[in-house]
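Have a look at the structure below, then the notes.
The values are calculated or read from the model by the stated rules, or taken from the named source; none is laboratory data. This structure is a prediction, so every number in the text was calculated from the model and none was measured. Note that each Cβ is placed from the backbone with ideal geometry, even for glycine, and that neighbours are counted across all protein chains shown. Surface areas here come from the heavy atoms of the whole protein model, side chains and all, with no ligands, DNA or RNA. Shrake-Rupley method; radii C 1.70, N 1.55, O 1.52, S 1.80 Å.
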Amino acid sequence: MNVIAANGSPRKKWNTATLLQNALDGAESVGAQTEMIHLYDLQYRGCISCFACKRKGGALGRCAMRDDLTDVLEKIIHCDVLLLGTPIYFANITGEMLSFLERLLFSAMTYNTGHPSTFQGKLSSGFIYTMNVPKDAMEKLGYNVLFDRYKALLERLGGPSEFIASNDTYQFNDYSKYEASMFSEEHKARVKAEQFPIDCRKAFEMGARLAGK
């Protein structure tokens, strides 16, 4: 069982990366081989609509662009489980994560009727979302529509997909250094101490569950 995590956060040791590592630890607990890829370390662009992945007689189902993402995509389409993590920026995933998913998912899509995907394997996936907003605000803002959309898209890769959300996250090491008076550092610290470990456990369990299927 081969499990790859793609970190769509610019931070390598903060909320998103920590949760992804817990998910990888869960996968390792059931015997999987794991790898973490930090998308912000790579130089790449999103889909350029060349349609080479749709061309008859061409590399059907493969992105034809050549950059730092090329080998990563090839590695991912041959793995068993893909774990994704991103902070929420302006009610959406980060630009790096979006560009990554464009390249991964569009190349697997087909315009033929009755066949939504050209992907031949079975890739299970789990998506971890981190955000500053509390859970009630997340629900009022309709973020679940976003989560369900990416779940449906990832399921075109042939396997089940699930997600977890970590809310009201701790953003700074020292809130006094930032213009952020709308937040209570005491409250944020309490959430970090009480809720974030629960989220880490959920991530661990998700990694173990997906890698154990």
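Just one of (1) outside any helix (DSSP H, G or I); (2) buried (at least 16 other Cβ atoms within 10 Å of the Cβ) fails for N173. It is (2). Applying the selection to the stretch 28-45, what residues are touching a Leu at 6+ places or on another chain (Cβ under 7 Å) and farther than 14 Å from T86 by Cα? Matches in the stretch 28-45: T34, L42, Y44. Is there a residue being aromatic (F, W, Y) and closer than 18 Å to L105 by Cβ anywhere in the stretch 24-43? Checked against the condition, which is being aromatic (F, W, Y) and closer than 18 Å to L105 by Cβ, the stretch 24-43 yields no hits at all. For the stretch 99-120, the set of residues classified as in contact with a Gly (Cβ under 7 Å, 6 or more places away or on another chain), assigned to a loop (DSSP other than H, G, I, E, B) and open to solvent by less than 40 Å² (accessible area, probe 1.4 Å) consists of S107, A108, T118, listed by residue number. When both residues are 6+ apart or on different chains and their Cβ atoms are under 8 Å apart, which pairs have a first residue that lies in the stretch 149-170 and is within 22 Å of C200 (Cα to Cα) and in a loop (DSSP other than H, G, I, E, B), and a second that is open to solvent by 50 Å² or more (accessible area, probe 1.4 Å) and charged (D, E, K, R)? Once the first residue is within 22 Å of C200 (Cα to Cα) and in a loop (DSSP other than H, G, I, E, B) and sits in the stretch 149-170, its partners that are open to solvent by 50 Å² or more (accessible area, probe 1.4 Å) and charged (D, E, K, R) give N167/K135; D168/K135; T169/K192; Y170/K192.
Residues in the stretch 26-39 that are open to solvent by 50 Å² or more (accessible area, probe 1.4 Å), in a helix (DSSP H, G or I) and touching a helix residue (DSSP H, G or I) at 6+ places or on another chain (Cβ under 6 Å): S29 only. Of all residues in the stretch 137-170, none satisfies the criterion of being open to solvent by 50 Å² or more (accessible area, probe 1.4 Å), farther than 30 Å from C79 by Cα and in contact with a strand residue (DSSP E or B) (Cβ under 8 Å, 6 or more places away or on another chain).
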